[in-house]
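The block underneath contains the structure these notes are about, expressed in structure tokens.
A short reminder: the numbers here are calculations on the coordinates, not readings from a lab. A quick note: this is a predicted structure, and the numbers were derived from the prediction, not measured. Neighbour counts run over all protein chains shown; Cβ positions are idealised from the backbone, glycine included.
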Ligand code: NAD
Ligand code: MG
């Protein structure tokens with residue numbers, strides 16, 4: 001018998017040391033290291049021989065999903081930006097340690113033609129494709145709309161929203177019945193912070209895309225759902241996602257009074273990918289430390 005664990009003091013509960021890296025950032029240089037389940041996630045064959053593309057799979061939530069998928073028996077293709085090679089190499093090692101295939105495909109999702117290449121390469125090298133775990137995202141806090149450049153506005157929507165259309169359109173001809181598409185939204189897609197005027201609306205768009213696409217693809221036997229994380233300790237936050245002064249107490253405003261760790265999202269990405277969620281589509285799952293999705 002194992003005793004239940006108190007969610008309040010699981011994982012890191014101290015103030016985080018102030019730190020900043022240029023985006024997209026390298027997780028290996030963060031202090032403390034986010035916990036992506038490297039030493040803790042245990043699989044049980046839920047995704048045996050599935051073929052999964054994970055965007056943003058080098059670090060944070062995408063890395064936690066990639067590790068869990070491999071431990072559940074899946075082969076994975078991982079997309080990330082070239083600057084993140086070091087993190088991606090580590091994920092490749094972890095996946096290969098499970099005896100599964102890890103295909104690394106660096107490139108920029110804000111480029112439509114790259115999105116098509118990414119999907120073709122993932123399909124060819126994995127010898128199939130049946131799950132899209134679309135986790136990549138861009139977040140840069142800007143206090144004043146007058147300072148929010150059109151360049152940033154465009155890029156945020158290209159990465160967070162347009163790439164979903166481009167990847168899904170490229171993948172649909174390959175996806176068999178029973179496939180699952182998982183997007184990644186946010187509590188920001190319900191309750192926008194004043195300094196995230198590009199990011200938060202991009203997450204509102206992901207909510208609409210996910211629910212509409214789910215209805216469009218239901219008759220094809222393809223399910224579409226989204227995960228809405230609350231404050232999770234990842235590179236996204238220390239690369240300008242939050243102002244530096246907000247880093248030490250990051251997450252402490254949540255009812256559970258601490259930031260979440262990426263590994264706390266692993267199971268939901270596994271559930272939504274697997275046949276266990278066969279009656280689940282057009283849904284958004286919050287993993288938020290108690291922040292309501294409303
Ligand atoms: P992360 O920085 O570890 O992961 C984000 C990834 O996005 C990066 O690793 C990078 O590979 C990818 N990315 C960014 N721009 C890209 C581009 N142009 N082309 C290709 N890839 C690109 O941070 P994370 O927190 O794990 O982020 C994962 C997802 O979770 C994002 O969609 C983010 O919006 C969402 N999210 C995070 C939090 C949080 O508190 N960390 C909260 C809510 C939602
Ligand atoms: Mg990264």
Given a Förster distance of 45 Å, the FRET efficiency implied by the Cβ-Cβ spacing of residue 169 and residue 28, rounded to the nearest 0.05, works out to 0.85
Which order do peptides 65-72, 153-160, 170-177, 212-219 fall in by mean Cβ count within 10 Å, highest first? 65-72, 153-160, 170-177, 212-219
Take every Cα pair under 8 Å in the stretch 21-150 that's 6+ residues apart, average their separations, divide by the length, and report that relative contact order as a whole percent. 26
Shape of the stretch 112-207 from its Cα gyration tensor (a ≥ b ≥ c, root eigenvalues): rounded if a/c is under 1.5, otherwise prolate when a/b > b/c, or oblate? prolate
Subtracting the Cα-Cα distance from 0.36 nm times the residue separation, let me have the gained length for residue 38 to residue 127 in nm, one decimal. 29.4 nm
The stretch 14-51 residues near the modelled residue 220 label - backbone nitrogen below 11 Å, point 7 Å along Cα→Cβ: none
If the chain between residue 293 and residue 279 were fully stretched, how many nm would it gain, using 0.36 nm times the residue separation less the Cα-Cα distance? 2.9 nm
Relative packing of 178-190, 15-27, which averages over residues the other C-beta atoms within 10 Å, highest first: 178-190, 15-27
Divide by every residue of the chain the summed helix terms, -39500 (n - 2.57) for each DSSP H run of at least 4, and state the resulting mean residue ellipticity at 222 nm, rounded to the nearest 500 deg cm²/dmol. -8500 deg cm²/dmol
In whole Å, how far is the Cα centre of the stretch 221-263 from that of the stretch 197-212? 17
Can you sort 150, 210, 239 from fewest to most other Cβ atoms within 10 Å of each residue's own Cβ? 150, 239, 210
Which whole-number percent gives the relative contact order of the chain, counting Cα pairs below 8 Å spaced six or more residues apart? 23
If one computes the Cα centroid of the stretch 4-32 and of the stretch 69-141, what distance in Å separates the two points? 23
List the residues of the stretch 37-79 whose backbone N lies under 15 Å from a point placed 7 Å from the Cα of residue 117 along the Cα-to-Cβ direction. 79
For residue 193 paired with residue 151, estimate the spin-label separation in nm (one decimal), with each label point 7 Å from Cα along the Cα-to-Cβ line. 2.3
